[in-house]
1. Going by the structure shown, is E29 surrounded by fewer than 10 Cβ atoms within 10 Å (Cβ to Cβ), out of contact with any Pro (no Cβ under 6 Å at 6 or more places or on another chain) and closer than 30 Å to D108 by Cβ?
2. Exactly one condition in (1) in contact (Cβ under 8 Å) with a residue 24 or more places away in the chain; (2) within 16 Å of the ligand (Cβ to nearest atom); (3) not in a loop (DSSP other than H, G, I, E, B) is not met by V5; state its number.
3. Can you tell me which condition R11 does not meet? The list is (1) out of contact with any Asp or Glu (no Cβ under 8 Å at 6 or more places or on another chain); (2) within 16 Å of the ligand (Cβ to nearest atom); (3) modelled with pLDDT of 95 or more; (4) not hydroxyl-bearing (S, T, Y), and all the others hold.
4. More than 9 Å from the ligand (Cβ to nearest atom) and either among the small types (G, A, S) or exposed (fewer than 15 other Cβ atoms within 10 Å of the Cβ) (or both), is that true of E39?
5. Does the stretch 120-128 contain at least one residue that is polar (S, T, N, Q), farther than 19 Å from E17 by Cβ and modelled with pLDDT of 95 or more?
6. Give the stretch 14-28 a look and list any residue that's within 14 Å of the ligand (Cβ to nearest atom) and either in contact (Cβ under 8 Å) with a residue 24 or more places away in the chain or in contact with an Asp or Glu (Cβ under 7 Å, 6 or more places away or on another chain) (or both), or say none.
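The values are calculated or read from the model by the stated rules, or taken from the named source; none is laboratory data. Remember, it's a predicted structure, so these values are computed and weren't measured experimentally. Heads up, the Cβs are rebuilt from the backbone with ideal geometry, glycines too, and the neighbour counts pull from every protein chain shown.
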Amino acid sequence: MNGLVAILRRRCSHCREGNIFQGLWRMNETCPACGIRFEREQGYWMVSVFLGYVLYGVVLIPLTLALYFKQVPASISFPVVGIIVAVMALPVFIYARVIWLYLDELLDPREDIETVIPQDFLDVGSDSLDSNK
Ligand SMILES: [Zn+2]
């Protein structure tokens, strides 16, 4: 799958198949297709907060400048900007995280989970869990 299409469809940055989100805003902890853990470490999503500000800036700076230069009164332009900020909140939250996952994968690619944890170990682990029941 093309990278841009995968980002728009909110697919895993590693395999581009599994959904990052289940439902509208709830994230999967791991990829349902390849099994990588999305949150690598505590504080992992702090960069996505910064990316969210960037996404807001990409939309709001040109909009604010256009309203200013068209001399739209503040009684109209302030509510317009406020409504756009409110409408953008959920998409910005989602795509800031998705874009951060793709940037992180680009800068520091993850290994396949089978190469990190041998499949034999995974099989033994699941058998021992079953025998404890
Ligand atoms: Zn995946």
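1. yes
2. (1)
3. (1)
4. Working: more than 9 Å from the ligand (Cβ to nearest atom): yes; either among the small types (G, A, S) or exposed (fewer than 15 other Cβ atoms within 10 Å of the Cβ) (or both): yes.
When the stated conditions are applied, E39 passes them.
5. There is no residue in the stretch 120-128 that is polar (S, T, N, Q), farther than 19 Å from E17 by Cβ and modelled with pLDDT of 95 or more.
6. Listed by number, the residues that qualify are H14, I20, F21, M27.
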